[in-house]
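To start, the structure itself, in structure tokens.
The values are calculated or read from the model by the stated rules, or taken from the named source; none is laboratory data. Keep in mind it's a predicted model, so treat the numbers as computed, not measured. Note: ideal-geometry Cβ built from the backbone for every residue, glycine included; neighbour counts use all protein chains shown.
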Amino acid sequence: MNLFKKFKKFWIIYTSITAALLIIIVCGLHILWLGLEDYENNMPNHQMEQVMVLFNTDKVDELLTKVYNNSQFPILNNKENLANFYKDLIKEKELKFIKKSGEFTNQNPCYIVQAGDGKIAQVKLKAQNNKSRFGFTLWEIDAISDYILDYLTTEITINAPDSATVFINGQKLSDEFRIGEAISIPGLKDLSSYLDKEPHLVTYKVSNLLPNPDVKIVGFSGKDLTQNVNPNGNIITANFDIPDSYISDFTEMAIKITDVYANFITNDAPFTRLEPYLINDSQIYKNLRTMETNWFTNHTSTKIINHKVHDFNMYSENCFSCDISFDQYVYRGETEFPYPSDIKLTFIKQNNVWLVGNLTIN
């Protein structure tokens, strides 16, 4: 009986000790696991995995805030066009980070972030003042810089009216981007004496832009001017577009003057009918007045149809031009002679009246 009691007591003690050891081992393993987890979570690579969240397309604005931190964006670039560029750059590409060769150390981790094979950013980490619960180093972002200079390769040339304002990515171009001399407008140089200021084209040259910059050219009237772009996309020439509200009246005026001019040419209208529409001391006035005594056409009737007024160019509030094509038919008995024509009329406003300062055959 005593032996049985002793054996029972032994098993109780043995079981208790074994259970206690198992509990100690389990707790030790748990603590070891937590320590390893804490170590892994506070390695620089793990911190970089958290940083990589910023390189998702929906986090680009936050990324740019960290990159620039209230500093200036590259000249003639703004947050919006930089964000759009980065979104296109990382869209549908594998994002990864690698240690920067020559700069990475365990004390100062430095990484390169890539989208596909292209570099997009450099991330430097720094140790926090606090330690983890197991005494490991905690890391945080020290600085993020981009590789935007690698992508600022676009150069464009812009020809625009000197009365227009040019914007690139929402920023107004200053005169420091102008190159060369102002270019006279064909057909206007001889009319400069009738204008307060002769209109010119000016040329801007801008380098170090991201691809596909947003170019906006605003005319003196506040209208966005039409842009003609060369096949390579690096030369932009703005038209002297006319405000839409003027087109109807100017079209009617151009057709009316064109019909008088065409009838004058065929000797169906005297110069006195054309004279009120011309600047009376202009070269075209003198040329047409002389032509009256030298030109005649034998015919029985005429017809003018198919007017098309196009290519309006408004150079200033007091000067515009337009092209007008039309078909004039001259009849000699039953014989019809078609004369398709296309002319350019240049108008100058004098005393609040639009007058023709120049007329050329296209």
Count of the stretch 203-231 residues which are of a type in the set (S, T, N, Q), modelled with pLDDT under 90 and closer than 23 Å to Pro74 by Cβ = 2
inquiry  = Please go through the stretch 89-116 and give me each residue that is acidic (Asp, Glu), within 29 Å of the chain's Cα centre (by Cα) and at pLDDT 85 or above, ordered by number.
reply    = Glu94
message = Between Val51, Val67, which is at pLDDT 65 or above, under 21 Å from Lys91 (Cβ atoms), surrounded by 14 or more Cβ atoms within 10 Å (Cβ to Cβ) and in contact with an Asp or Glu (Cβ under 6 Å, 6 or more places away or on another chain)?
response = Val67
request  = Just name the residue that is surrounded by the fewest Cβ atoms within 10 Å (Cβ to Cβ) out of those in the stretch 195-210 that are outside any strand (DSSP E or B) and out of contact with any Cys (no Cβ under 8 Å at 6 or more places or on another chain).
outcome  = Asp196
request  = Look at Asp146 and say whether it is over 22 Å from the mean Cα position of the chain (by Cα) and either of a type in the set (D, E, K, R) or modelled with pLDDT of 85 or more (or both).
outcome  = no
task = Scan the stretch 211-224 and give yes if some residue there is buried (at least 18 other Cβ atoms within 10 Å of the Cβ) and either hydroxyl-bearing (Ser, Thr, Tyr) or on the phi > 0 side of the Ramachandran plot (or both), otherwise no.
result = no
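Conditions (1) surrounded by 12 or more Cβ atoms within 10 Å (Cβ to Cβ); (2) under 19 Å from Met43 (Cβ atoms), marked per residue:
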position: Ile90; (1), (2): yes, no
position: Glu94; (1), (2): no, no
position: Gly102; (1), (2): no, no
position: Tyr111; (1), (2): yes, yes
position: Gln114; (1), (2): yes, no
position: Gly118; (1), (2): yes, no
position: Lys124; (1), (2): yes, yes
position: Ala127; (1), (2): yes, yes
position: Asn130; (1), (2): no, yes
request  = List the number of the failed condition for Thr237; all other conditions in (1) touching a residue at least 60 places away in the same chain (Cβ under 8 Å); (2) over 25 Å from the mean Cα position of the chain (by Cα) hold.
outcome  = (2)
task = Can you work out which of the residues in the stretch 172-192 that are at pLDDT below 90 and among the polar types (S, T, N, Q) is nearest to Lys79 (Cα to Cα)?
result = Ser184
ask   = Quick one: which of Leu138, Leu173 is more than 22 Å from Val60 (Cα to Cα), surrounded by 12 or more Cβ atoms within 10 Å (Cβ to Cβ), within 21 Å of the chain's Cα centre (by Cα) and not assigned by TED's automatic domain parsing to the domain that holds Leu345?
value = Leu173
key: Which listed residue, of Asn263, Asn267, Asn239, Asn232, is of a type outside the set (Lys, Arg) and at positive phi   = Asn267
